[in-house]
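Encoded as structure tokens, the structure appears first; notes follow it.
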Amino acid sequence: MFQLYYDFDQAFIKGQYWRLLTTFLYFGPFSLSWFFQMYFMAQYMRDLEEGSFRNRSADFLWFLLYAIACLLVCSSFATMPFLAPALSFVIIYLWSRRNPGVTLNLLGLFTFRAPYFPLVMIGLSYLFSGGFPVQSIVGLLVGHVYYFLEDVWPLNPASHQRRYLQPPHAFARLVGALGIGRPQPAPVEVALDDPEPLVPPPAEAPRAASPPPAAATDSPLRPRTGYADASSAEE
């Protein structure tokens, strides 16, 4: 565990650069809190990727890099050796702000709207840990800065719709070249030479059976030709 936490001197002066990554992978010892943090991070990261960041993989990766960089800087001013809980809170906060109409239920006790979810999490963290939730507060601030600069400020006429946290074009091209999150093309229907009809043609109505031809009978108005032939033969 002592080889995983982030420390500026250990990471940059002694060259232990893996600490920049491992500090975001450790959620503490296995416990109920560990389970909930892992679940929330996986669930809401997936919801963001498939929701507001759908087909915007470069923006999603840039958001994660922004959060990681901000948390590494903040850890120099606060005692946060492991930053996984703070990163999870950044993700939860952004999801809650971008899904204001979602209603959540806490263990069947009470329901609340998604924007109040971070405050509920801070309250629960304070109750269970008994101390000031530093990582939750820092994660909330980092997430709010991203939300404000990406979703609120561009709507202000003074911003001229400028996005300060938009990923650079070089980064977006790199993500596109690597094929990360590339949308799958729609299936192409192959035309067959003689395709079978999807809907069978309507069955033809049965034709009425024609009556059988009437048998030849002697007409009472017309003499039979046999008599005429016989009389001509006798002459």
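The values are calculated or read from the model by the stated rules, or taken from the named source; none is laboratory data. These numbers were taken from a predicted model, which means no experiment stands behind them. Glycine also receives a Cβ, built like all others from the backbone with ideal geometry; neighbour counts cover every protein chain displayed.
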TODO: Read through the list (1) among the small types (Gly, Ala, Ser); (2) more than 23 Å from Arg97 (Cβ to Cβ); (3) touching a helix residue (DSSP H, G or I) at 6+ places or on another chain (Cβ under 9 Å), then give the number of the only condition that Ser31 fails.
DONE: (3)
- [ ] May I ask you to say which residue of Tyr66, Tyr44, Tyr39 is touching a residue at least 12 places away in the same chain (Cβ under 8 Å) and within 20 Å of Leu106 (Cβ to Cβ)?
- [x] Tyr44
Task: Residues of segment 50-63 that turn out to be within 24 Å of Phe36 (Cα to Cα) and either touching a residue at least 60 places away in the same chain (Cβ under 8 Å) or exposed (fewer than 14 other Cβ atoms within 10 Å of the Cβ) (or both), as a count - done: 5
- [ ] Give segment 106-164 a look and list any residue that's of a type in the set (Val, Ile, Thr) and free of Cβ contacts under 8 Å to residues at least 24 places away in the same chain, or say none.
- [x] Thr111, Val120, Ile122, Ile137, Val152
TODO: Output the residue which, of all residues in segment 1-20 that are aliphatic (A, V, I, L, M), at pLDDT 75 or above and surrounded by 10 or more Cβ atoms within 10 Å (Cβ to Cβ), is farthest from Cys74 (Cα to Cα).
DONE: Leu4
